[in-house]
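Input: a single structure, listed below in structure tokens.
The values are calculated or read from the model by the stated rules, or taken from the named source; none is laboratory data. Treat the numbers as computed from the prediction; the structure is a model and nothing was measured. Cβ: placed from backbone, ideal geometry, glycine included. Neighbour counts: every protein chain shown. Ligands, DNA and RNA are stripped out before the accessible areas are found, and what is left, the full protein with its side chains, is counted by its heavy atoms. Shrake-Rupley method; radii C 1.70, N 1.55, O 1.52, S 1.80 Å.
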Amino acid sequence: MPEDIAGSEQMLAGWEKNVQERAARYQEMATRVQGMTISERSSDGAVELTIGSNGILQHLVINESAAGRRMAEVSGEIMKLLQRAQSRIPELLQAAMAETIGTQDETANVLFNEAKKNFPAPPAEDPPAAPQHHNELSFRVEDDAPPSRPTPPPPPPRRRPPSDDDDFGGESVLS
């Protein structure tokens, strides 16, 4: 029996060493991921932002070049950049996992799939609208709107009935 005990102790020591090495690799991955940031910038440079690996906005810059734009346009640009940055989190997580714990690890795959679910790819951007020329005519029929009725002209002003008090017949003295 002493041989069985020695074998069990060796097996237990090997298992413990394996668990400690795995825990160290997970800790290294967590440290790498925590320190990651992702930055995005609008094509015209008017908006820049940085998020952490958790997807939370850390830094936002709206440059002076955005001053002439509508606020709805600027806020839409911010949200588009934020979603684009967040959609890059799964690929960074996968790279950190590949370098530390490996991509075959079951727990790593669960983490990666959860990140893909939480930070999906942004919707495809619409192509920019073609510039409209001012010399083109546009005709459209709006079926949903009821036909508009022309507004009747205002009634003519009422004249006071002539009174016997004056000699002007209801007209101004100056006319």
For the peptides 49-57, 114-122, what is the packing order when you average, over each peptide's residues, the other Cβ atoms within 10 Å and list the highest mean first?
-> 49-57, 114-122
Nearby lysines by direct alpha-carbon distance to LYS80 (threshold 21 angstrom, same-chain neighbours under 8 apart not counted) | LYS116, LYS117
Residues whose modelled amide H sits under 5 Å from the amide H of SER53, counting only those 5 or more places away in sequence or on another chain, are MET36
Just the number, please: carbon plus sulfur as a percent of the accessible area of the stretch 62-118, 1.4 Å probe, no ligands or DNA/RNA counted.
-> 51 percent
For the stretch 49-123, what value does the Rg/Rh ratio take when both radii are computed over Cα atoms and Rh is the Kirkwood radius, given to two decimals?
-> 1.13
Kindly write out, for the stretch 35-47 in residue order, the coupling ³J(HN,Hα) from the Karplus curve 6.51 cos²θ - 1.76 cosθ + 1.60 (θ = phi - 60°), rounded to whole Hz, with x marking Gly and Pro.
-> x, 7, 10, 10, 10, 9, 9, 5, 4, 8, x, 6, 10
For ILE5 and ALA30, calculate 0.36 nm times their separation in residues minus their Cα-Cα distance, and state this gained length in nm to one decimal.
-> 5.3 nm
